[in-house]
Structures are given as structure tokens and as C-alpha cells.
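So the structure is just underneath, and the comments pick up after that.
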Amino acid sequence: MSSIHVAILGASGYTGSELIRLIDGHPRFRLVHLAAHSHAGRQAGDVLPGLHEKLAGMRLSHIDDPLPENCMLVFAALPHGAAANTVARVLDAGCRVIDLSADFRHQSPETYQQAYGIEHPYPQLLRAAVYGLTEWSRERLPEARLVANPGCYPTSMLLPLLPLIRAGVLDETSIIVDAKSGASGAGRGAKTELLFCEINEACRAYGLPRHRHSWEMEEWLEHFGGHAVRVRFVPHILPMNRGMLTTLHLSGRNTASWRHILEEQYANEPFVRLLPDGRLPSTASVAGSNRCDIGLSTLGADECVIVSCIDNLLKGAAGQAVQNANVMFGLDETTGLPELPSWP
Ligand SMILES: NC(=O)c1ccc[n+]([C@@H]2O[C@H](COP(=O)([O-])OP(=O)(O)OC[C@H]3O[C@@H](n4cnc5c(N)ncnc54)[C@H](OP(=O)(O)O)[C@@H]3O)[C@@H](O)[C@H]2O)c1
């Protein structure tokens, strides 16, 4: 069977390097092009640790360089704001794109502007993009030319919440999302607040009063779940490399039925696992895996705490992007994706 040739733009970053690892082990995708911004012109092996000889010798092109003619799919792993122009150019060149940034995650330019404080340069492309929360978007992916890969925080809260919103059992005015991320969630760029001494032995909230992912959470809860909601979302940064733990403080009715609702929704999903009663997930159980683990603890007939864990770089970014790419190209959705974590 012939290979599907793919490019990674933003290969020198954290999600870009995770994409390299996944695609290198993928039986049908073949890496034909790597591109970077400030690291353009250097060899991949000089910028990224641990690559084998063949990958290490690949030259990092510039983001704006032309793509090879045989390229069929581009993963854009660039900062929001910078991604939109590149994505538009790649679509013009006839390639399909999975954009890991937030630039195409909203359906209206107004919402994008509210969340990111900048005018969207290609509002006409927003409606054409498919929001790639794979478990909820599968039917639209085979035809998609542009997939907006969801944010890591939204992925970790949408997966457990959507079945409950759709079932109409949640109090939609009282959704508290308390989430913690490892430092790789902020990317590889140098920032004072991410220096070792700032992060180590510390935990802090950030992004208040309203983190930009709040808009994404509310938009897609309403889109897939059918009910308008307001979330109170507080993100925190933890002194670990990767991993995301999201605690949802929820109220509603008939909480005894919530486990069954989630079980029914995700029974056949390869990358969503509902833990048995009495067990709660840990970031260590999903590190290096494309899985989302979910645990429930009922506090009475009308209150429940749900905890979900993902690896922000896998199910929260590169893993979900490859999952989406598999569906786009008619492959088994699990191809090339780790289910088991690298543990301990
Ligand atoms: N990290 C996560 O857990 C995570 C999860 C979900 C989504 N995302 C999203 O995925 C995207 C990539 O994230 P990341 O964590 O991989 O970021 P990163 O580690 O900071 O890497 C960013 C990449 O973009 C390039 N770049 C930087 N500034 C640029 C510019 N002005 N124009 C064009 N390219 C530029 C960098 O190239 P040089 O290194 O050569 O400068 C690098 O290859 C972001 O939009 C992020 O929000 C990240």
C-alpha cells in the first residue's frame, strides 16, 4: 500500500516533536517535510533530542517555504495568530491540514476575537473547519480539508461533560472546571514564568479572570450537547513535564445514572476509559498514551465530582491530531497510537 506523505510545520516545538515520534512509528504516514521558524535551516537532530539518524539529518525548512509536491497532509503546530496565514496558504496549495493551534477552533470571528483579542484574518475559513474532537466529530472528518484540533483543557472537560449535557441531567448554571497542566502545555518558547525556579515546588493558577479556553469549552458544549452553558474554569500549572488533570464540580439530578450515561457513550471508544467505581485517574496512567481516563465520585443525589486525565501532548494535541488524520484517510482510528502509558 502506498504511503501518505505528510509535513509538520512547527517541528521544533513540543507538539511538533511529539508528532514526529508518532508519525515515525506510523505504518502509513511518511514524513517528507519538517519546518520551523527561528530554527529554520538547522538539522532536526541539532534542535530535538533523541532522533534516529535518518530523522536527525532532515533539514528544517522555513514555515513559509513551499511544500513538496507529493505532500497530502500538513500538521500545523504553530502559535495561534501565526498559524492562520500558514494554514490558508497550505489549503491553497491543495493540501489537507490539521491545525493544532486555536486559529480555527471557533465558528465565528467575533468569538475568536473575544477569546484571543485579535481580528481573524480568514473568517470565511472558520465555517469550513471541522472541530476535531474525534469521538464527537468522526462523521465529518473523512471529507474535511481543514481540521481544528481541540485545545488540551477543552478536550479533558468536553469528553466527560458532553454525554451529561446531552442527557439533560446537569445543572448548566453551575459547572466548575478546576484543571492542572504540566509545563509542556505552555510550549517550548523561553518565558520567565516557566523557568525551573518559578515552576519547581510550586503550583499556581493563571489566566484569570477568564482563560481563553473558556470560550472554546462553552461553544462546543453547546454545539454538541445542545444546551447553552456557562463554565467557571480555573487552570493551574504543575511542576511536571506533561499531563493534565481536570476536576469537574457538578450538580444536577439523578447522579446515580451518570456512570451509566458515560458508559453507554464510550463503551466502544478505544481512547476513552471510564474507571470502575471507587477509582480515580492519575496523570501517570495516561502519560505517553492517547487515552482519556475518567473517574466519578457521587456526593449525593444531586452532586458529583468527575476527574479526567489526559496527556496534554497526546490526546490533548499530537495524539488526537493523528487520530483525526487516521479517520480523514480511512485508516483504523488507532493506527500508530499508543494506548498504554509509559509508566512509571
Ligand atoms: N503544548 C501543548 O500541550 C499544546 C496542547 C494543545 C494545543 N497546543 C497548541 O499547539 C501549537 C503548538 O504548541 P507547542 O506547545 O508545540 O508550541 P512550541 O513548543 O512553542 O512550538 C512552536 C513552534 O512554532 C514555531 N513558531 C514560533 N513562533 C512562530 C511564528 N511567529 N511564526 C511561525 N512559527 C513560529 C516554532 O519554531 P522555532 O522553534 O523554530 O522558533 C516551533 O516550531 C500552539 O498553538 C499551542 O497552543 C499545544
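The values are calculated or read from the model by the stated rules, or taken from the named source; none is laboratory data. The structure displayed is predicted, hence computed values, not measured ones. Here Cβ is always computed from backbone atoms with ideal geometry, including for glycine, and neighbour counts include all displayed protein chains.
Criterion first (over 20 Å from N312 (Cα atoms) and assigned by TED's automatic domain parsing to the domain that holds L274) does I165 satisfy it? Against the criterion (over 20 Å from N312 (Cα atoms) and assigned by TED's automatic domain parsing to the domain that holds L274), I165 qualifies. Of L274, L245, all but one fail to be under 22 Å from I175 (Cβ atoms), in contact with a Lys or Arg (Cβ under 8 Å, 6 or more places away or on another chain) and without any contact (Cβ under 8 Å) to a residue 24 or more places away in the chain; the exception is L274.
Residue by residue, here is whether (1) assigned to a strand (DSSP E or B); (2) at pLDDT 95 or above; (3) crowded, with 18+ Cβ neighbours inside 10 Å holds:
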| residue | (1), (2), (3) |
| --- | --- |
| I165 | no, yes, yes |
| V177 | yes, yes, yes |
| E201 | no, yes, no |
| W215 | no, yes, yes |
| E218 | no, yes, yes |
| L221 | no, yes, yes |
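Taken over segment 1-30, the criterion of being more than 15 Å from the ligand (Cβ to nearest atom) and part of a strand (DSSP E or B) is satisfied by I4, H5, V6, F29, R30.
Of all residues in segment 314-333 being in contact with a strand residue (DSSP E or B) (Cβ under 8 Å, 6 or more places away or on another chain) and either more than 16 Å from the ligand (Cβ to nearest atom) or free of Cβ contacts under 8 Å to residues at least 60 places away in the same chain (or both), which is nearest to E139 (Cα to Cα)? The qualifying residue nearest to E139 (Cα to Cα) is M328. The residue that is farthest from the ligand (Cβ to nearest atom), counting only those in segment 64-82 that are surrounded by fewer than 18 Cβ atoms within 10 Å (Cβ to Cβ) and farther than 20 Å from F29 by Cα, is D65.
Scanning segment 31-40 for residues that are under 20 Å from N85 (Cβ atoms) and touching a strand residue (DSSP E or B) at 6+ places or on another chain (Cβ under 7 Å), which turns out farthest from the ligand (Cβ to nearest atom)? Here the answer is H33. Within segment 176-199, the presence of at least one residue that is away from the ligand (no atom under 14 Å from the Cβ), closer than 16 Å to I294 by Cβ and touching a residue at least 60 places away in the same chain (Cβ under 8 Å) is confirmed. When the test is whether a residue is over 16 Å from T15 (Cα atoms), out of contact with any Cys (no Cβ under 9 Å at 6 or more places or on another chain) and in a helix (DSSP H, G or I), H227 does not pass it.
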